Structure formats: structure tokens, C-alpha cells
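Q: Attaching a single structure in C-alpha cells format; questions to follow.
No lab work stands behind these numbers, since they all come straight from the coordinates. Everything quoted here is computed from the prediction, not taken from an experiment. Note that we place each Cβ from the backbone using ideal geometry, even for glycine, and neighbour counts take in every protein chain shown.
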Amino acid sequence: MDYKKLAEMLFPDIQTTPEEIFEKYPKRQLKEGQVVSRYAPSPTGNMHIGNFFQMFISYNLTRISDGIFFLRLEDTDAKREVKDAKKVIFEILNKFNITCDEYQTLDGKDIGDYGPYVQSQRKDIYKVFAKKLVSDGKAFPCFCKKTEGKEDILKLRENKWQADDEKEYDPCRNLSLEEVKSHLEKGDKFAIRLKTKNSGKERIKFYDLIKGEIEAKANAKDFILLKNDGVPPYPFAHVIDDTLMGTTIVVRGEEYLGSTPMHIELFEALGFKPTTYCHNPLISKIGENGNKRKISKRYDPEADMRFYFEKGIPTQAVLEYLLNIINSGFETWRANNPEVDWREFKFGVDDITAVAPIFDLVKLGDMSKNIISKMTASELYEAWLEWAVEFDKPLADYIKANKNFVIGFLNIDREGQKPRKDIFMMSMIKEYFEYMFARPNLDAIADEDKDNFNEFMAAYAKAFVFPNSNEEWFALVKEVAASLGYATDNKAYKQNPAAYKGNVAKACEFVRVAITGRKNSPTLYEIIKVLGEEETIARLNCKK
Ligand code: GLU
């Protein structure tokens, strides 16, 4: 077979050579240890946390090695492409303050010398290499699809696929030049398939930076390199782009491990050096049946990156939680360096977990509480407002119009030695400080306490003088309680509870419910300071 002639017949318009392409993509001049890695999302939907996780590993490896992090849009699946998905990718990266060194802007400008960074704009490049493989006798045209009815194809496959579990040779690999010519004359569309060199018996070894040495069955399938519309499915595009763009480490999800032998055969067929892979474990959950399963957007709201924005979980908390998953050493580092930016945390590929981490929202919430507790009231105000502008417009208007009051209550039990650690997301603040927006109901007072409550509140409201300190506030509660027959000494109360109406703690609880509607709250004295004298007195004058 004259493969050169075949290649010319298939790709008459492609006259560029692989060498000419390589001239446009010179080898990157890197310093020792510098990593070039990338984030290669497909704009097919909302971003999945697993996808973000993989991106974050790539990003960190490049950041720590002072390398290059680029964004490549893998938009080769037009049917699955979701409108605005590209925009969303940028929005998410921006929100997390993750910057790419090379990428294509939304209006189509390439930043960097290795573009275009969008696969749909690289079709001619893929064709150059497809042509080369055909002319080397390593790939062939496949006319099956669209040339026959669907049933015919199936029959054809049944008879002609020599698929005996060991190899999958496509029937079209044996077409003669004349047969190809006649198809082309009829205007039949063709795909390009790899003509695998393997017979199904071979095994290969490759090294993965996380998994170590892997032995697997070599590829023995004539898989598709270019679909009949000229668009490459993942394997061909990956091998060519990561070679031309000089990626030194391909970080990708473990789900690609099984198809790595295909990619390795392709690298070799093209005469390229296989890339270095780093297959990251997939973030998991414990399913209903107690088994570990991949986190999924279908069952786990937190699998969708929108969840974190909608809930208003600080991006820093998400990033730090993921760092903690990537490398458990992060937690100790954070404890020893409480004030240092997370970007100072260094790790290498060897430190990346090899075991699928179980995603724990409670733990993420705890990390978030810690981060929020360190914000000043003004910082929290800004963060809450930013969240509300996007997710709760009326609240945003309120926050803006009542800035000083809002900062006042956000400052309760904050900015001190031991700030409270209750708040872990912006979406909970309104409910958390519900009593700042409206007078509370008194449902928390049990029916059997009703009379005591009414009696105590009447006496306390009458005696009330706006306090100047927490001590002063407490002293008055104690005084009124004692005058009504409450125990001021807890020991005495415990010895003979029947002799008292209750203890001072009970009296404090009454006041707390009157002011906040709750039995637990931040420091009451701080709350009344924010509410002010008039409002406090109004709340004390209550009756159940
Ligand atoms: N577009 C692929 C994905 O989103 C990229 C995988 C890779 O990083 O190589 O899964």
C-alpha cells in the first residue's frame, strides 16, 4: 500500500508538515524543576469539585516550582457544550483568585506563545499529525459511519470486528487504495483511526507520579483519532496538545488511568516522548450502603462548585480544605502558621495523597468557622454584602442601608482574644442574627416557666438601668433574681432546689430569651449594646 498516496488523497489541503508545526511551538526553556501544567476543562456543564481539585493540584505544582500554569479549553464535544460554561470557568477561577499564565481570553485573544488555547481552533494542527500517521501507515480512514444504515454497521461489525477480547481491529484497516478512492469519489465522510501495532498480548509499564509504576495491557484497539467532522476525541487532542504546549506533568483524574495505554501508544506512534502523568485520586463519599463512591453532582450538592458560592463559604476555606485533602500535613502547618497565607504552604508530588479522600463537609465547615472568626467585623461585612448582592438582593439593600448597625452586630464576640466560631457561611448569618432584624417570639419559654418568666421580667424591666459593663449587667440580674427568691449561690441551690424559684442561670436565660428569643446566644451585654437602650427596654417589657 502506498501510504503517502493515501495520506494525500485524504488530506489534500494539508500541506504543513509536523516539523513546521514544531517550529511554532519551540521547546520551553525551563529551569531545573520548573513544572508546566494545565487545567483542561471541557465546557460541558457546571464545574465539579473533582475537576476543581485536579486543577488545584496542577496549579499548586506550577506555583510551588515557579513554573507555568495554563488553561486549555477542551471544547471538542460541541453537542455537550453548555452555553456560558466558558464564562463560568473564568468566573470561578477569578473568585478563587487562581491566575493562569497562559490562556485565551473570552473574546478570543491568546495570552501566551503556545496557543490557540482552545481546541476547536486547533483542527488543522490535528490534521497535520493525522496525515503524518496515515502516511507512516499507522492510521487509516474509516468510512463505517454514515456510509451504511445503522443496522448494517452493526452487522458489519459483528462479522468483521476481530474483537476477541484481546484486540479490536477495525474492518476499515484493510481497505485498499481503490476502495478508499471510490468512497471519496462518492463524497463519503471518513474518520481516522489508529492502526494499533499490538495484538492484544502485549503489556506495558508506565510510571505515574502518584500511583508509582503501573503495569497494564497495552492498547490493542483501532481507536478514533479524528471523527468524521475532523474533530479529535480526547486522546489525540491530549497527546498532541500536551506535547506542543510543553506540559511537563499532566495532572488528571484517576478515571483516565484505564485509557493511558491508548495515549502511550499514540505518543509512540507519533514519535513523541510520553508525558509524565499524575493521576489524582477521586474525591469520594460514603454512600447509602456504606461503600465508598465517587462524589457526584447527582447525589451530593457539594460536588457542584456553585454550592460554595450559593452558601457563601469563603473561597479560602474551600482552598484550605482541598489543600488538607491533597496533603494531610497542611493541618499541622496551618496550626503552626495561623496567620500565613496558604500560598506559603509547599508540597511536592510525593506528598499528594494516593488514597481517595472522603469529602467531609463538617470538617470544611470547621475550617471555615476558623477563617471567619479571624475576620474583622468590617471584613465580614464586606464578604456578607458581596454574597447578598448575588444571592439575596433585599438583604443586600438592608445591609447597605444599615452599615453601622450591621457592623455593630457582626462585631459581637469578634476581634477579641477568643472570637466565637459559630459562623461558617454567609447564608447563615441572617438567621444567626435573626433577633437583630425583628423582636423575637418567646416560644423558648416552657409553659411551666411562664409565670416565673412574667414575674421576673416585670421586676427586671422596672429595675433596669442601661449597664456600662458585662459585670454591671449581671449584677442587676442577680439582684432582681435574689429579691424574687432565686438562688445566687449554685451550691446552695443544688443542695435544696425546692427552696428557690430557680438559680441565677435561670434568670439570665429569661433575659436572654426576652432579648433574642434563644437560650443560647453570643454575649448578651454585647447584644444589648448594639440594640440600644430604647429597643432593649422595649424587649424587656414583654409578657408570655
Ligand atoms: N477535558 C478533560 C476533562 O475535563 C481533561 C482531562 C485532562 O486534564 O487531561 O476531563
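Q: Only one residue in G271, G230 is without any contact (Cβ under 8 Å) to a residue 24 or more places away in the chain, surrounded by fewer than 20 Cβ atoms within 10 Å (Cβ to Cβ) and over 24 Å from the mean Cα position of the chain (by Cα). Which one?
A: That would be G271, the only listed residue that is without any contact (Cβ under 8 Å) to a residue 24 or more places away in the chain, surrounded by fewer than 20 Cβ atoms within 10 Å (Cβ to Cβ) and over 24 Å from the mean Cα position of the chain (by Cα).
Q: Something else: Of all residues in the range 257-284, which are within 13 Å of the ligand (Cβ to nearest atom) and out of contact with any helix residue (DSSP H, G or I) (no Cβ under 8 Å at 6 or more places or on another chain)?
A: Within the range 257-284, L257, T260, T276 qualify.
Q: Which of the residues belonging to the range 4-44 are of a type in the set (V, I, T), closer than 16 Å to G115 by Cα and within 16 Å of the ligand (Cβ to nearest atom)? Give the steps one after another, and end with the answer.
A: We begin by selecting, within the range 4-44, every residue of a type in the set (V, I, T); these are 14, 16-17, 21, 35-36, 44.
Then drop every residue that is not closer than 16 Å to G115 by Cα, which leaves 21, 36.
The one that is of a type in the set (V, I, T), closer than 16 Å to G115 by Cα and within 16 Å of the ligand (Cβ to nearest atom): V36.
Q: Another question, if that's okay. Condition first: under 24 Å from P233 (Cβ atoms) and touching a residue at least 24 places away in the same chain (Cβ under 8 Å). Now tell me which residues in the range 80-99 satisfy that.
A: Correct list: R80, E81, V82, A85, K86, V88, I89.
Q: Can you list residue pairs whose Cβ atoms sit under 6 Å apart, with the first residue in the range 45-64 being more than 11 Å from R252 (Cα to Cα) and part of a helix (DSSP H, G or I) and the second being among the charged types (D, E, K, R) and more than 13 Å from the ligand (Cβ to nearest atom)? Count only pairs 6 or more apart in sequence or on different chains.
A: Within 6 Å, the pairs are I64/K346.
Q: Just give me the residues in the range 305-329 being part of a helix (DSSP H, G or I) and over 21 Å from M425 (Cβ atoms), in sequence order.
A: First pass over the range 305-329, keeping only residues part of a helix (DSSP H, G or I): 306-311, 315-326, 329.
The answer is I326, G329.
Q: Among the listed residues E302, E288, identify the single one that is out of contact with any Pro (no Cβ under 9 Å at 6 or more places or on another chain), more than 13 Å from the ligand (Cβ to nearest atom) and in a helix (DSSP H, G or I).
A: Matching residue, one of E302, E288: E302.
Q: Can you find a residue that is in a strand (DSSP E or B), under 17 Å from L323 (Cβ atoms) and more than 13 Å from the chain's Cα centre (by Cα) anywhere in the range 25-42?
A: Within the range 25-42, one or more residues are in a strand (DSSP E or B), under 17 Å from L323 (Cβ atoms) and more than 13 Å from the chain's Cα centre (by Cα).
Q: Take the residues in the range 449-484 that are among the β-branched types (V, I, T) and assigned to a helix (DSSP H, G or I); name whichever of them is surrounded by the fewest Cβ atoms within 10 Å (Cβ to Cβ).
A: Ranking the candidates gives V480 first.
Q: Now a separate question. Could you tell me which numbered condition L442 fails, if it satisfies all but one of (1) out of contact with any Leu (no Cβ under 9 Å at 6 or more places or on another chain); (2) over 30 Å from Y381 (Cα atoms); (3) touching a residue at least 12 places away in the same chain (Cβ under 8 Å); (4) among the hydrophobic types (A, V, I, L, M, F, W, C)?
A: Unmet for L442, out of (1) out of contact with any Leu (no Cβ under 9 Å at 6 or more places or on another chain); (2) over 30 Å from Y381 (Cα atoms); (3) touching a residue at least 12 places away in the same chain (Cβ under 8 Å); (4) among the hydrophobic types (A, V, I, L, M, F, W, C): (2).
Q: How about the range 527-543: which of its residues are surrounded by fewer than 18 Cβ atoms within 10 Å (Cβ to Cβ) and in contact with a helix residue (DSSP H, G or I) (Cβ under 8 Å, 6 or more places away or on another chain)?
A: Of all residues in the range 527-543, those surrounded by fewer than 18 Cβ atoms within 10 Å (Cβ to Cβ) come to 532-535, 537-538, 541, 543.
Residues satisfying the conditions are I537, N541, K543.
Q: Restricting the first residue to the range 236-252 and requiring it to be farther than 15 Å from V118 by Cα, which pairs with a second residue that is acidic (D, E) meet a Cβ separation below 7 Å and a spacing of at least six or different chains?
A: From the range 236-252, the pairs are V250/D242.
Q: Here's another thing I want to ask about it. Do we have any residue at all in the range 242-249 that's over 26 Å from K123 (Cβ atoms), buried (at least 20 other Cβ atoms within 10 Å of the Cβ) and either among the polar types (S, T, N, Q) or touching a strand residue (DSSP E or B) at 6+ places or on another chain (Cβ under 6 Å) (or both)?
A: yes
Q: State all residues of the range 211-220 that are surrounded by fewer than 19 Cβ atoms within 10 Å (Cβ to Cβ) and either under 23 Å from L73 (Cβ atoms) or not small (G, A, S) (or both); if no residue qualifies, say none.
A: K211, E213, I214, E215, K217
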